[in-house]
Amino acid sequence: MSQELAAQGDFASVPALLARNAKTYGNRPAYREKEFGIWQSWTWAEAAEEIENLALGLLALGIDRGDHVAIIGRNRPAHYWAMVAAQKVGAVPVPLYQDAVVEEMEYVLDHCGARFVICGDQEQVDKVIEVQESVKHIEHVIYYDKRGLRKYDHSHLHWYHDIQEEGRVAHARLEDEMAKREAELSYDSTCVMLYTSGTTGRPKGVVLSNRNIIESAKNTSGFDNLGVNEDILAYLPMAWVGDFIFSLGQAMWCGFCVNCPESPETMMTDLREIGPTYYFAPPRVFETQLTNVMIRMEDSGDLKYALFHHFMDFAKKGAGEKYGMPRRKVTTQKKTLEQKLRHGFRYAMGVGFATETVIENLIRLGFAKLRHGKDVRKHFKAKDPIGLKLYRGNAHDYFKYRCGDVLVYGPLKDTLGFGRIRVGYTAGEAIGPEIFEFYRSMGINLKQLYGQTEATVFITVQPDGEVRNDTVGVPAPGVELKLSDTGEIFYRSPGTFVEYYNNPESTADTKDPEGWVATGDAGFFDKSNGHLRIIDRAKDVGKMADGRLFAPKYVENKLKFYPDILEAVVFGNNRDMCTAFINIDLTAVGNWAERNNVAYASYQELAGHPQVLDTIQEHVEAVNKSVSEDEMLSGCQIHRFLILHKELDADDGEMTRTRKVRRKIVEEKYAPLIDALYGGKSEQFIETEVTYEDGRKGSIKATLDIRDAAVVGKEQGMAAE
Amino acid sequence: MTTATDMNASSADSYVTADGRTIGGVVMDLKNITLRFGGVVAIKDISFDIREGEIRAIIGPNGAGKSSMLNVISGFYKPQEGEVWFRGSKRPPMKPYQVARQGLARTFQNIALFDGMTVLDNIMTGRLNHMKANMFQQAIWKGKAEREEIANREICEKVIDFLEIQHIRKTPVGRLPYGLKKRVELARALAAQPSLLLLDEPMAGMNVEEKEDMSRFILDMNDEFGTTIALIEHDMGVVMDLSDRVVVMDYGKKIGDGTPDEVRNNQDVIDAYLGVAHD
């Protein structure tokens, strides 16, 4: 597909791609959004017209070449159009995080010097108006949802549709100017500016050129065989590079359809209705969904419960990898008679065995109930149908998988909205092996990638069929990789960013004259297959007091793979032992508490419950055991831990908006707790300030228990000394 | 923004509030209402009016007769004495459904939704007064009934969008938490596109955040659709912030009437709320 498109001529900018799509795919859906309970859709031709009107309207307002246009709002077609419209008139779109508080927004708006701001709704307009008190260069604010904004002063505030209307009227007058500016766009002109989430310090504006975006989109679309038939759900923050590349870069390149959910709360139902074929989600989303599935299975009937576990266990033993994966290519050709018969046979066998399974297990369950009464769930295990015994070896597994597909995997995938997925990606953090395996065994082609904003997402990706949960894959097409002596990863690619906006020092620090960029992550190549493995942030990898390697992320990830643990922070740099803060997962632990008649009123109370502490201690000890198996990292076993009395939160500055822990801030804020962990105390009092969503502040007080955890191996002796 | 002068030109009665809303002439006028239950006098000779486009609050201590007053307005109770004037004509004794057809809608102090039905179905019941298709047309479905359903569904969807309850559209009401049920009830009342909306303690039992949301919806509703709203509420902060004029009742009598500021400084009102020695 990609070669075919490239042959049609060079497309040097996103607006050029849009023009091509409007011409080639004019009648195909380009954007859908659920509004008033119905999926409204726009074809490429309609979208191109909307964008043109907006671009002309912006021109009429007096937008200049190189102006920055800030865009703040949830994923809506109108906001994507605004980005392209800005590009069309030579300006640079700057999407911002919509849940950013005023101070964060103030810094970014001040730094990028935006004259135009496009807001989603009243909430964002209010924030911008507040920012305008100190940031004087904002001239025009455009909003999309007019609700609640009627009484505002409209001298510099405009409704999106009014601007479009103005553009329509001014069409004849400004068309030439727009065409001229569009023609000026080249492969090296700026496409977009995205702000990093700022895990460390202030966010930096990453300038990406058309070359970065289009080359990355082209290479990776080819890599995964993405075509015009894909459907994606755009629900990730628009300010994040991933959403920009998936929902704008690749969508423009391939011409596929971008679907926007009705509201953030309806994301799950909308996902199900759309059934995307190409999907991206951070590990946390998969984790939450798996937790929900498990909780709902606990509440289901005995037969369903038994069948679910029977077939999931089977799929996890490798059958899913072997028989479940979707075919790489979607053929649009008509099926031959032989294919039709084969598919019919396969389906009939699946349905036949499924019927048999249900009937046989239902009868067995009846007998089991007579014997065990209410305890039946503990004793009853589902079995394969008798009919399957006719087949041996591969054929047996194959038909059993088809049978499971009809009974368990298919319906489950459908419920989760993953029924049509051909390619799914997860990135950002390590994903738990059980979680990864669960989704893959169901026949979802979930893969990992490793990337960052500065690389226009892609550094390494896992090719189909070479997927493992502990590596991040091979270099993406066009990417070169090298490792420094300290193990830090460097890359060079067509997607490498141009510069940090107004920050030449940082640019020089990150990117050397030859174009190599430091990722700041430490890793190594797996000897067996050449895949890259990431250990941790290079600067987080430290030394313990006795010189052994300290890699906190490695241990934290192992802890977080337990559903009960939401977040963990491990300390130990330059110390003689490792300790940890732990956040429990309220959904999972709350469910456990309900089941075991443990009464609790708040997160804090549940977190301090002795039985919860016992469970977490078990988890910590299990992690210690698995850490001890790795010789290099065996020093990172956790000797002492505590459960925090509140969840780490972005509003309190403890995490970034992309939910990565800000280690330094946590360390400073909870200094008394760390002292207590190393001081050998068994409990510690702490008072913490918290910020509510509306910006007000309060405080939480608690006395936390500190526990000792058993360690394994050489460590044991040392601890005893 | 519109100025006070050009709005005044349209109607002699109307005026513009400080925040730029236009308050029109009198919609509902209650004249010397007295309501008795046997020997108990619930409302004693009360008169007040509600103007087009305003938010009118009725406050008072427990047992003051506020809900009875609302029931008189909605036609559920028939006062023994006094007259109810609606849009310039005297209202004869009516059944509640007839009153609803005149363009009145209300919410209840204790939520009165259909628990087994979904949120959407509940809101659709608010449109029943606007549906004309008879039983046979409903049975055949194609034609009038279908057209009507689509048109009414569109109105309901706009209300759902307005009150931000898209995520529970298909959820049975019985499974919802209290705050959301209150919002669904408001949605049902709003779906009827009333010219006068009666809210009986819309914020009772809510936390601060829910109250803020609800206040925003009430203000937006008044602003966006120009709905006239009469509400009973106990939270003084909310009442003083939201309403244009306040009626204060105590023991079935009206003890104060005016803008929030006037009412706040009224000695009778202060006595009723803080208590005073009866001699």
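Quick one: grab the alpha carbon gyration tensor of chain A, order the square roots of its eigenvalues as a ≥ b ≥ c, and give me rounded if a/c is under 1.5, else prolate or oblate depending on whether a/b is larger than b/c. Oblate, because a/c is 1.5 or more while a/b does not exceed b/c.
Each peptide in B:225-235, B:183-193 receives the mean, over its residues, of other Cβ atoms within 10 Å, and ordering these scores from highest gives B:183-193, B:225-235. Size of region B:115-191 from its Cα atoms: along the principal axes, largest to smallest, the extents are 38, 23, 19 Å. Which residues does the label zone of A:Arg659 cover in region A:194-231, counting backbone N under 18 Å from a point 7 Å along Cα→Cβ? In region A:194-231, the label zone of A:Arg659 (backbone N under 18 Å from the point 7 Å along Cα→Cβ) covers A:197-199.
Would you mind checking the tilt of helix B:144-162 against the longest principal axis of the Cα atoms of chain B, expressed as 0 to 90 degrees and rounded to 10? For B:144-162 against chain B, the angle is about 50 degrees.
Between A:Tyr347 and A:Lys146, 0.36 nm times their residue separation minus their Cα-Cα distance comes to what?
Numbers: separation 201, 0.36 × 201 = 72.36 nm, distance 5.13 nm.
Using 0.36 nm per residue and subtracting the Cα-Cα distance, I get 67.2 nm.
In this simple spin-label model, placing a label point 7 Å from the Cα along the Cα-to-Cβ direction at both A:Asp126 and A:Ala395 gives a separation of 6.9 nm.
Given a Förster distance of 22 angstrom, what is the FRET efficiency for A:Glu618 paired with A:Asn573, based on the Cβ-Cβ distance and rounded to 0.05?
On the way: r = 26 Å, r/R0 = 1.20.
Between A:Glu618 and A:Asn573 the formula returns 0.25.
Counted over chain A, the DSSP beta bridges are approximately 60% antiparallel. Here is the list for region A:49-135: trypsin sites (Lys or Arg not before Pro) lying in DSSP coil, each with at most 13 other C-beta atoms within 10 angstrom of its C-beta, are A:Arg65.
Considering helices alone, the calculated mean residue ellipticity of chain A at 222 nm is -12000 deg cm²/dmol, with DSSP H runs of length four and up weighted by -39500 (n - 2.57) and normalised per residue.
Going 7 Å from the Cα of A:Arg420 in the Cα-to-Cβ direction, what parts of region A:247-270 have a backbone nitrogen less than 14 Å from that spot? The answer is A:256-260, A:270, whose backbone nitrogens lie closer than 14 Å to the label point. Under the criterion of Cα pairs below 8 Å and six or more residues apart, the relative contact order for region B:115-191 equals 56 percent.
So if we plug the beta-carbon distance of A:Ala702 and A:Val598 into 1/(1 + (r/R0)^6) with R0 = 22 Å, what FRET efficiency do we get, rounded to 0.05?
Working: r = 18 Å, r/R0 = 0.82.
E(calc), rounded to 0.05, equals 0.75.
Judged by the gyration tensor of its Cα atoms, with axes a ≥ b ≥ c, region A:417-478 is prolate; a/c meets the 1.5 cut and a/b is the larger of a/b and b/c. Length gained on full extension, A:Ile363 to A:Glu514, computed as 0.36 nm times the residue gap minus the Cα-Cα distance: 47.3 nm.
Taking 7 Å steps out from each Cα toward its Cβ at A:Ala671 and B:Leu128 produces label points 6.6 nm apart. Where in region B:134-157 is the amide nitrogen less than 20 Å from a point lying 7 Å along the Cα-to-Cβ axis of B:Arg101? In region B:134-157, the label zone of B:Arg101 (backbone N under 20 Å from the point 7 Å along Cα→Cβ) covers B:134-138, B:145, B:148-149, B:152.
Whole Å is fine, so just give me how far the alpha carbon centre of region A:75-123 lies from that of region A:386-424. If we compute the Cα centre of each part, the gap is 45 Å.
For the listed residue pairs A:Lys317/A:Lys558; B:Lys31/B:Lys78; A:Lys482/A:Lys539, the alpha carbons are over 20 angstrom apart in A:Lys317/A:Lys558. Using only Cα atoms and rounding to the nearest 10 degrees, what angle (0 to 90) does helix B:178-191 make with the longest principal axis of chain B? Approximately 80 degrees, to the nearest 10. Modelled this way, with points 7 Å down the Cα-to-C-beta line, the labels at A:Arg548 and A:Lys335 are 5.8 nm from one another. So which of A:Lys316/A:Lys400; A:Lys127/A:Lys151; A:Lys413/A:Lys447; B:Lys158/B:Lys181; B:Lys144/B:Lys182 end up more than 21 Å apart by C-alpha? Those over the limit are B:Lys144/B:Lys182.
For A:Lys340, the lysines whose Cα falls under 20 Å of its own Cα, not counting residues fewer than eight places away in the same chain, are A:Lys329.
Each value in this text was obtained by applying a stated rule to the coordinates, not by laboratory testing. Because the structure is a prediction, the values reported are computed rather than measured. Here Cβ is always computed from backbone atoms with ideal geometry, including for glycine, and neighbour counts include all displayed protein chains.
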